[in-house]
Structures are given as structure tokens and as C-alpha cells.
1. Where Lys and Arg each count +1 and Asp and Glu each count -1, what net charge lies around residue 85 among other residues with Cβ under 11 Å from its Cβ?
2. Please work out the C-alpha center-to-center distance from segment 86-150 to segment 1-48 and express it in whole Å.
3. Among the helices of the chain (complete DSSP H runs), which have Cα atoms covering no less than 15 Å along the helix axis and a Kyte-Doolittle mean of at least -0.5?
4. Please compute the length gained on full extension between residue 12 and residue 122, using 0.36 nm multiplied by the number of residues separating them and subtracting their Cα-Cα distance.
5. Below 23 Å, Cα to Cα, which lysines can residue 84 reach? Residues fewer than 8 away in the same chain don't count.
6. Can you list residues from other chains, or at least 5 along the same chain, whose modelled amide H is less than 5 Å from the amide H of residue 32?
7. Could you work out the local net charge near residue 110, counting Lys and Arg as +1, Asp and Glu as -1, over the other residues with Cβ closer than 13 Å to its Cβ?
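Readers should treat all values here as calculations from the given coordinates under stated rules, not as data from a laboratory. Predicted model, so just to flag it, every value in this text is computed and none were measured. Here the Cβ is made from the backbone with ideal geometry for all residues, glycine too, and neighbour counts use every protein chain on show.
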Amino acid sequence: MLRNFDNRLNADVIRCLRAMGHGDDLIISDTNFPADSVARHTVTGELLRMDNLTAAEAIDAILSVMPLDSFVEKPAERMEIVGKPDDIPPVQQEVQKVIDKWEGKSLPMGSVERFAFYEKARNAYAVIVTGETRFYGCFILKKGVIPPKA
């Protein structure tokens, strides 16, 4: 056990988050996403897991240690619903609340069409599959920086 550390983060995920650099993309996926096959194309080349967590729970744990990129307009993106790109289902609303909590302000997510999302995912640093069973529980988080204390 570690102090002041979210125990939902496992060693593999922590290693990945620590290794990522500024501007690297992290995919958080639901259980229906082709996570294993897509993950083989990423920088890490392997699928990471945060089983038994919803997308919002996993992202809450991740954002407890990883800042979002403040140099881009949309450092968090969601997969669009096919045929309804402006609809935001409950799973995405929950994640939006988590992002806003960690950012301390409203930071609306960008949206990415389904097949464009798959392509972005293949070029990401890593894919983490969650236990999220609701459709469209797939997100892209762009890693930011932590400024010096002084």
C-alpha cells in the first residue's frame, strides 16, 4: 500500500502513466471496444486493464496523478454516437463531471467520429480497457505537464 495514492491504479497503469510524455494520448475504453487488437498498434503494444471500474471511476483515478494538456483546445475527447454526434449519453456525462472536477472548471470534451477514434487509438501511447459495459464509454486523454514548484 502507498499513502495518498488511489488504489484503483495498478502497477502496470502507473508505469505507463509515468512513462508517458507531454502530448501523448491515452485511450480509456469500454468492454466492447476492440481494445486488444488496437493496443497492439500503440507505443506500448500491450493492453492495460482497469477491470471492475466504470469509465468515470478509471478516469477519476488516472486524473488523480496525470494532468491534462493545457496547451491544446480539447485535451479530452469522447467517441461520438454513430448517427447522433451531438448526443452525450450518461457514461460520457459522468466522465465530463470527473474532468471538470480535476480541472477545477468546465472543460468540454471534444468529439471524434467512431472510425476516426479507432485510428487515433492505434496511434496512441496506450489503451486501458475498463469494466465499463455501457456503449460509447471510450475516451482519449492527452497528457499534460506539471509545472515546477517555484
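1. Numbers: positive: 78, 84, 114; negative: 80, 86, 87, 113.
Local net charge: -1.
2. Cα centroid of segment 86-150 versus Cα centroid of segment 1-48: 13 Å apart.
3. Details: long enough: 90-103 (20 Å, -1.01).
Result, helices passing both filters: zero.
4. On the way: separation 110, 0.36 × 110 = 39.60 nm, distance 1.92 nm.
Result: 37.7 nm gained on full extension.
5. In chain and number order, the partners are 74, 97, 120.
6. Answer set, sorted by chain and number: none.
7. Working: positive: 74, 78, 120, 142; negative: 25, 69, 73, 77, 80, 86, 113.
After counting each charged neighbour, the total is -3.
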